[in-house]
Amino acid sequence: MADNHGNTPAAWTAVVIGLAAFIVGGVGLIAGSMVTFWIGVVLLPVALIVMKVMDAMGLGDAPH
């Protein structure tokens, strides 16, 4: 296991975007706004893409 246990800028950015996606999607469901819900759904893969791009830029965990 890595020494930093995922404490990298890439991982934290992905977590923040993912959390925002769940919050936006949840608010959309509660408010009955399907547009807001789908915006939250679209944000989830964005979190993964941003993490991969930041990892490629060297902001992720170094390969072992």
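The values are calculated or read from the model by the stated rules, or taken from the named source; none is laboratory data. All values derive from a computational prediction rather than experimental measurement. Cβ: placed from backbone, ideal geometry, glycine included. Neighbour counts: every protein chain shown.
ASN7 fulfils the conditions (1) outside any helix (DSSP H, G or I); (2) surrounded by 12 or more Cβ atoms within 10 Å (Cβ to Cβ) except for a single criterion, (2). Name the residue that is modelled with the lowest pLDDT, counting only residues in region 38-64 that are closer than 13 Å to GLY6 by Cβ and assigned to a helix (DSSP H, G or I). If we take residues in region 38-64 being closer than 13 Å to GLY6 by Cβ and assigned to a helix (DSSP H, G or I), then LEU59 is modelled with the lowest pLDDT. For first residues located in region 26-44 and without any contact (Cβ under 8 Å) to a residue 40 or more places away in the chain, partners that are among the aliphatic types (A, V, I, L, M) and lie 6+ apart or on another chain with Cβ distances below 6 Å form the pairs PHE37/LEU29; ILE39/VAL24; GLY40/ALA21; GLY40/VAL24; LEU43/ALA21; LEU44/ALA21. For region 28-64, a tally of residues being in contact with a Gly (Cβ under 8 Å, 6 or more places away or on another chain) and of a type in the set (Val, Ile, Thr) returns 4.
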